[in-house]
1. Would you point out the residue of the stretch 85-104, among those that are within 17 Å of Ser56 (Cβ to Cβ) and charged (D, E, K, R), that is most open to solvent (accessible area, probe 1.4 Å)?
2. On the given criteria, is Leu9 surrounded by 15 or more Cβ atoms within 10 Å (Cβ to Cβ) and either closer than 29 Å to Thr131 by Cα or not small (Gly, Ala, Ser) (or both)?
3. Going by the structure shown, is Val82 at pLDDT 95 or above, surrounded by 11 or more Cβ atoms within 10 Å (Cβ to Cβ) and touching a Ser or Thr at 6+ places or on another chain (Cβ under 8 Å)?
4. Please go through (1) within 30 Å of Val132 (Cα to Cα); (2) without any contact (Cβ under 8 Å) to a residue 60 or more places away in the chain for Pro100 and return the number of the only condition it doesn't satisfy.
5. Which one of the conditions (1) in contact with a Pro (Cβ under 7 Å, 6 or more places away or on another chain); (2) open to solvent by 100 Å² or more (accessible area, probe 1.4 Å) does Arg140 fail to meet, given that it meets all the rest?
6. Find all pairs meeting these conditions: Cβ atoms under 7 angstrom apart; at least six residues apart or on different chains; first residue within the stretch 13-26 and touching a residue at least 12 places away in the same chain (Cβ under 8 Å); second residue open to solvent by less than 70 Å² (accessible area, probe 1.4 Å).
7. Return yes when Val69 is within 26 Å of Ile150 (Cβ to Cβ) and surrounded by 17 or more Cβ atoms within 10 Å (Cβ to Cβ) and no when it is not.
8. Exactly one of these conditions fails for Arg149: (1) modelled with pLDDT under 95; (2) under 23 Å from Leu48 (Cα atoms). Give me its number.
Amino acid sequence: MSRENLETLREQVGRESQTLQAAVDSVDSAAAAVLGVNRTDLRCLEILLAGDSTPSALATALSLTSGSVTTMLDRLAKLDYVVRHPEPGDRRKVLVRITPEAAAKAWQIYGPIAEEGATDVARYTADELRTVLDFLRRSRELQERHHGRIAALPKEFRR
């Protein structure tokens, strides 16, 4: 492959990555609107779909204060999207769980995407999937590194 073609492919990957990010953002905005929540609430529900969590773990994952998490969980509980319950091993601690109704709504929204995506992924060989996985992992790590850099910019920068 010529150097020019390789550079063109790299540019196309960059553009498609940006376009994908915008498309995911658009889907998440629509999902949040349908569910009547903000984007942080939506991210919380996404985390809880993977399993119960503590408020402090949610605070860390969402970069929120404990007070903000309490307010968010109150809001989501009022919508019947989450419930709080005592942790079985330590009843002083609280676990947060997504309700079956909220999980069902999330599946209605995201399930068809997951199912269609699984069909798309099935067409790739193991070697191709390792390459895609490597690219996605490195892309995520890049975003995480730069999130920290951007968050640390001085107040004078923010206007």
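The values are calculated or read from the model by the stated rules, or taken from the named source; none is laboratory data. Quantities reported herein were computed from a predicted structural model and do not represent experimental measurements. Here Cβ is always computed from backbone atoms with ideal geometry, including for glycine, and neighbour counts include all displayed protein chains. SASA here: full protein model, heavy atoms, side chains in, ligands and nucleic acids out. Shrake-Rupley method; radii C 1.70, N 1.55, O 1.52, S 1.80 Å.
1. Filtering the stretch 85-104 for residues that are within 17 Å of Ser56 (Cβ to Cβ) and charged (D, E, K, R), the one most open to solvent (accessible area, probe 1.4 Å) comes out as Arg92.
2. On the way: surrounded by 15 or more Cβ atoms within 10 Å (Cβ to Cβ): no; either closer than 29 Å to Thr131 by Cα or not small (Gly, Ala, Ser) (or both): yes.
No, not satisfied.
3. yes
4. (1)
5. That leaves (1) as the condition not met.
6. Here the result reads Ser17/Ser139, each pair linking the stretch 13-26 to a residue that is open to solvent by less than 70 Å² (accessible area, probe 1.4 Å).
7. Numbers: within 26 Å of Ile150 (Cβ to Cβ): yes; surrounded by 17 or more Cβ atoms within 10 Å (Cβ to Cβ): yes.
Here the answer is yes, as Val69 does meet what is asked.
8. (2)
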